[in-house]
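The values are calculated or read from the model by the stated rules, or taken from the named source; none is laboratory data. Model, not experiment: these values are computed from the prediction. Note: ideal-geometry Cβ built from the backbone for every residue, glycine included; neighbour counts use all protein chains shown. Ligands, DNA and RNA are excluded from the accessible area calculation, which covers all protein heavy atoms including side chains. Shrake-Rupley method; radii C 1.70, N 1.55, O 1.52, S 1.80 Å.
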Amino acid sequence: MSVLRTQVGIVGAGPAGLLLGHLLHLNGIDSVIVENRSRDYVIDRVRAGVLEQGTVDLLIAMGVGERLQREGLRHDGLYISFSGHRHHIDMADLTGGKAITVYGQNEVVKDLIDTRLSTARPLFFEAEDVSVEALESSSPLVRFRHDGADHEIRCDFIAGCDGFHGVCRPSIPEGVLTTYERVYPFGWLGILAEAAPSSTELVYTLHQRGFALFSMRSPTITRLYLQVPPDEPIDNWPDEAIWEEMLARMTTRDGWMPSVGRIVQKGVTPMRSFVATPMRYGRLFLAGDAAHIVPPTGAKGLNLAASDVLVLARALKAYYEHRRTDWLDEYSNVCLRRVWKAQRFSWWMTTTLHRSPDETAFDHQRQIADLDYLTSSRAAMTSLAEQYVGLPMEVGLDSVGLSSTPHRVS
Ligand code: FAD
Ligand code: DHB
């Protein structure tokens, strides 16, 4: 059996694990990242697309924003569409110049993997039977099999960055965590299509037939989502049926509609809100989707993963440089303040823009009134805008030795 020694064992090479690994590297802290999927699988997984201003600033300050700055699409506003009309919300105007950037999560992950490999710090893909042990001791372990050999990593700390279905959270003894959960009675069918985006900004639509979302990935690729029943088999949706439904829900009275093109990827995602507290057990720290899930309507999941690991990197840096443990102790509480506000926002966006099978006629009229108020009140639009571009990170970039100058993409 091979035995490795490191300071921080990181389980999972999604955005949380890779960002943490590089933040630690920039601060001279060693880590080993262990991922159970292949490199190609992790890079090809199509998921998030919206980066908050603070996430963009973090990536650029970390030195991994070069391609993001070149290829990312800066959006100063978005549209909310209901009753056949699109309403513009000018986020930059309402937030003193802040914006979101559309840049695929898989591109972020690709950039982070390239950067990790350039540091020559270890990153294992296709690790099998990953487990975490001795979490209450001062030397917790990550064990796995790789290329037919058994490996053990002896760590000072373990970061559980292995997503909602990972092994870290379930390794915490029963009774330690309090969990909060809400499962929604619908899911999202998402597609990538070879079609030039017909709008330069996102369009969130509430239609009689349910929610729809217009987004994009590049000047030639459109990304669209449709509310469907949860666990809907994708085979129920031939391409023609998808386009018929997308156009029925999204076409507005002024004739705007998404451009149609060849569908190159499609899939269905269920939706839930979930929080596990505290985000720590002994020397195991949970970050990102391992600790909390938001429904995708607010575009917050990847951004929360980024803010969690910033808080964790600050605490680990203070531990290694000054033997301070207070920031490790405060990790969970500091993260949860931002997590719960993003939970509330994501729940509000979701319940305001989707049709629920158990809703009453009253509920639907209230949704319309909510959206009418939102799009006609500068105060309400400002509230949406400041949350959509991202509430402030709980700790500054300077706390991990980075410059906190805001950056502009495109
Ligand atoms: P993950 O990305 O899930 O990464 C965890 C990693 O751990 C994975 O690579 C996994 O393979 C690995 N792993 C799992 N189990 C093990 C194990 N046992 N051992 C080793 N490794 C393991 N968020 C946004 O901010 N904006 C958006 O616009 C947005 N849109 C979304 C749209 C969709 C359709 C979906 C599904 C999600 C969206 N999200 C969005 C959410 C976002 O994708 C997640 O919140 C984000 O991926 C969380 O990152 P993470 O690193 O915590 O977890
Ligand atoms: C995208 C995903 C989201 O969850 C969202 O709210 C907006 C855009 C996207 O994939 O582009």
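So in the chain, what percent of DSSP beta bridges are antiparallel if you round to the nearest 5?
Working: 58 of 79 bridges.
Around 75 percent of the beta bridges assigned by DSSP in the chain are antiparallel ones.
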Exercise. If r is the Cβ-Cβ distance from T252 to R337 and R0 is 60 Å, what FRET efficiency results, to the nearest 0.05?
Worked result: 0.95
Exercise. So how much accessible area does T200 have, in Å² to the nearest 10, using a 1.4 Å probe?
Worked result: 110
Exercise. So what is the relative contact order for segment 168-298, in percent, with contacts set as C-alpha pairs under 8 Å and at least six apart?
Worked result: 35
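Could you quote the convex hull projected area for segment 257-410, Cα atoms only and averaged over all directions, in nm²? Spell out each step's value before the answer.
Numbers: hull surface 54.3 nm².
The Cα convex hull of segment 257-410, projected and averaged over all directions, gives 13.6 nm².
Determine the sum of side-chain charges near V142: Lys and Arg each +1, Asp and Glu each -1, restricted to other residues whose C-beta is under 10 angstrom from that of V142. Mind dumping the intermediate values first?
Working: positive: R143, R154; negative: E133, E152.
Counting the neighbours of V142, the net charge comes to 0.
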For this session: Over segment 214-333, give the accessible area per residue in Å² for a 1.4 Å probe, as an integer.
Result: 38
For this session: For segment 289-334, report the translational diffusion coefficient in µm²/s to the nearest whole number, using Stokes-Einstein at 20 °C, 1.002 mPa s, and a Kirkwood Rh over Cα pairs.
Result: 185
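Given contacts defined as C-alpha pairs under 8 Å and at least six residues apart, what's the relative contact order of the chain, whole-number percent? Write out the running numbers ahead of the final one.
Numbers: 856 pairs, mean separation 89.5, N = 410.
Relative contact order of the chain: 22 percent.
For A120 and E152, compute 0.36 nm times the residue count separating them, minus their Cα-Cα distance, and round to one decimal in nm. The partial results should precede the final answer.
Values: separation 32, 0.36 × 32 = 11.52 nm, distance 1.92 nm.
Stretched fully, the A120-E152 segment lengthens by 9.6 nm.
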Problem set entry | Rounded Å value of the spacing that divides the Cα centres of segment 345-366 and segment 43-84 | 27
Problem set entry | For segment 345-389, the fraction of alpha-carbon pairs in successive 5 Å shells from zero, as % | 5, 21, 28, 25, 13, 7, 2
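Just the number, please: carbon plus sulfur as a percent of the accessible area of the chain, 1.4 Å probe, no ligands or DNA/RNA counted. Don't jump to the answer; show the numbers that get you there.
Numbers: 8260 of 16660 Å².
Of the solvent-accessible surface of the chain, carbon and sulfur hold 50 percent.
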Seminar exercise, completed: For segment 340-385, the per residue accessible area (1.4 Å probe, Å²) is 51
Seminar exercise, completed: Log entry: pair-distance distribution for segment 131-179, C-alpha pairs binned every 5 Å from zero, whole % per bin is 5, 18, 25, 26, 17, 6, 2, 1
Exercise. So how do 364-370, 241-247 stack up, highest first, on mean other-Cβ count within 10 Å?
Worked result: 241-247, 364-370
Problem set entry | Mean separation of Cα contacts under 8 Å (6+ apart) over length of segment 46-173, as relative contact order % | 18
For this session: Kindly report the accessible area of segment 79-139 per residue (heavy atoms of protein chains, probe 1.4 Å, no ligands, DNA or RNA), in Å².
Result: 42
Seminar exercise, completed: Counting only DSSP loop positions in segment 245-353, the trypsin sites (Lys or Arg not before Pro) whose Cβ has at most 12 other Cβ atoms within 10 Å are R253, R323
Exercise. Looking at S218, G163, H146, which one has the Cα that reaches farthest to the positive end of the dipole of the chain (charges on Cβ: Lys, Arg +1; Asp, Glu -1)?
Worked result: S218
Exercise. Mind checking which aspartates and glutamates have their C-alpha under 12 Å from K110, skipping anything on the same chain fewer than 8 residues away?
Worked result: D40, D44
Seminar exercise, completed: Checked segment 111-206 against the a/c 1.5 cut and the a/b vs b/c comparison, axes a ≥ b ≥ c from its Cα gyration tensor; verdict oblate
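Taking N as the number of residues in segment 160-201, what is its Cα Rg relative to 2.2 N^0.38 Å? Provide the component values of the computation, followed by the final result.
Numbers: Rg = 18.4 Å, N = 42, 2.2 N^0.38 = 9.1 Å.
Against the empirical 2.2 N^0.38 Å value, I get 2.02 for segment 160-201.
Leaving ligands, DNA and RNA out of it, rank S139, S377 by accessible area with a 1.4 Å probe, largest first.
Numbers: S139 50, S377 20 Å².
Output order, biggest surface exposure first: S139, S377.
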Problem set entry | Expected 222 nm ellipticity per residue - DSSP helices of 4 or more, -39500 (n - 2.57), all of the chain, to 500 | -11000 deg cm²/dmol
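In Å³ and rounded to a whole number, note down the convex hull volume per residue for the Cα atoms of the chain. Intermediate values should be presented prior to the final figure.
Details: hull volume 57.9 nm³, N = 410.
Dividing the Cα hull volume of the chain by its residues yields 141 Å³.
In what sequence, largest accessible area first, do E394, E321 appear using a 1.4 Å probe?
Working: E394 65, E321 95 Å².
Heavy-atom accessible area, descending, gives E321, E394.
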Problem set entry | Probe 1.4 Å - accessible area at H22, Å² to nearest ten | 20
Exercise. Using just the C-alpha positions of segment 1-54 as equal point scatterers, what log10 of I(q)/I(0) does the Debye formula give at each q in 0.25 1/Å?
Worked result: -1.05
